[in-house]
Structure formats: structure tokens, C-alpha cells
Amino acid sequence: MSFGERLYLREAVKGMAVIARHFVRNLFGYRDPNPEVLERRGPGVNLVTTINYPEERKPYPPGYRGMHRLIPRLDGRPRCVACYMCATACPAQCIYIEAGEYDNEAIEKYPVRFEIDELRCIVCGFCVEACPKDAIRMDTGTHAPAVLSRPLAVFDKEALLKGPAVEHSTDVLTYRVPLKTVAPPPDEGPSGSGH
């Protein structure tokens, strides 16, 4: 190699020209409204696909699992029977359960304490597949919120218990006595005196 080739001066100038060309195109060109198209061609097309968050949000794909939630029964308590299947199947060991027993209730066991550390969770969905009672789902479509300390990322039973009550026809086979549903509060009419 000659002395000029060893300095890589010509290659450095060619590289700077490529960078300058992309810089000018992205600075003054229009932004493509369809960032999913990989092969974009044409004069003045901006190849930058940055989403201006939070004004613009990319929708989650249909298969996105989202955060966990515990499913309530008709009586408002969680469907979980504290069998530890979800905690056993979890590869990240992010689920902690303490079991308690009812004395004269329809269901024998219940979780006294049910916690999920969302910072440790790898969103694999094994806990949902392992649950025999359909007590835990990952269908919220939301991701774990940003927190300032680790304890705030640990969600307890009350924080996880959301959504409509679910009752399956096979549930009655596991009850010792029929389950009593909580009656909704009576619908009060508009307050105030009538005319």
C-alpha cells in the first residue's frame, strides 16, 4: 500500500460525504408516515423512523401479553386457590404466595398474600398457562409503569385484582357449598327533592 492509501484519507472523505448526504436528507426531507415500509425510496424521503413519544404511540401487537391481573370470583375474592403452580412454573421466581385456609367456605384455600415483582418478570406467560383455575391472566395490554424504587414495582393482591368477575361451569365441582355472590348496591335515584 502506498503512503496515501495507508492514511485512509480518501476513504475518510468518502465516508464523510455519505454522512453529510444522509444528514441533509434527514434534516430537510419529509418524514415518511409509514415507518413499517423498510425499502423507502424517492427524493427527499427522511429515513429516520423515530416516534415522537408521547404525542405519537406505536400500538402494541395483538399478541402482547401486558401486565398481570388476578381474576375475581363472583363474590369478589380472587379465583386463586394458592396451589403455587404459577410460582413453581415461573422461571424468574417473581411470584410470591402465602396460603391460608377457610373454615366453612366454598373454597378450601386462598392467597393471604400474593405478590408479583414486575421488575423480575420476563413476561413469558408460564404462570398463566400453569394456573388450573384461570386465576391469573396477562391480558391488560399495558406495560409495567416506571417506578423510582424497587418496592414500588412489587404489586400485591389488591393491586392485581382487577377486571370483571369470571365463573366457569366446572367451578361448582370444587365447591363444598354453593358460592354466594355479593349483591350490587341498590341503584339510588337522583338525589334531591322533585318538582
Residues in the range 138-163 that are open to solvent by less than 60 Å² (accessible area, probe 1.4 Å), modelled with pLDDT of 90 or more and closer than 21 Å to P72 by Cα: how many? 7
For the list (1) of a type in the set (F, W, Y); (2) surrounded by 14 or more Cβ atoms within 10 Å (Cβ to Cβ); (3) assigned to a loop (DSSP other than H, G, I, E, B), I need the number of the one condition that F114 fails. (3)
Sole miss for G100 among (1) closer than 23 Å to P61 by Cβ; (2) open to solvent by less than 30 Å² (accessible area, probe 1.4 Å); (3) outside any helix (DSSP H, G or I); (4) not polar (S, T, N, Q) is condition (1)
If L27 meets every condition in (1) at pLDDT 85 or above; (2) of a type in the set (A, V, I, L, M); (3) open to solvent by 70 Å² or more (accessible area, probe 1.4 Å); (4) more than 22 Å from the chain's Cα centre (by Cα) apart from one, which number is that one? (1)
Does at least one position in the range 74-90 carry a residue that is surrounded by fewer than 15 Cβ atoms within 10 Å (Cβ to Cβ), without any contact (Cβ under 8 Å) to a residue 40 or more places away in the chain and hydrophobic (A, V, I, L, M, F, W, C)? no
Top-ranked residue of the range 1-24 - restricted to ones that are at pLDDT 80 or above and outside any helix (DSSP H, G or I), ranked as nearest to the chain's Cα centre (by Cα): Y8
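The values are calculated or read from the model by the stated rules, or taken from the named source; none is laboratory data. The structure displayed is predicted, hence computed values, not measured ones. Every residue, glycine among them, receives a Cβ derived from its backbone with ideal geometry; neighbour counts consider all protein chains shown. With ligands, DNA and RNA removed, areas are computed over all heavy atoms of the protein, side chains included. Shrake-Rupley method; radii C 1.70, N 1.55, O 1.52, S 1.80 Å.
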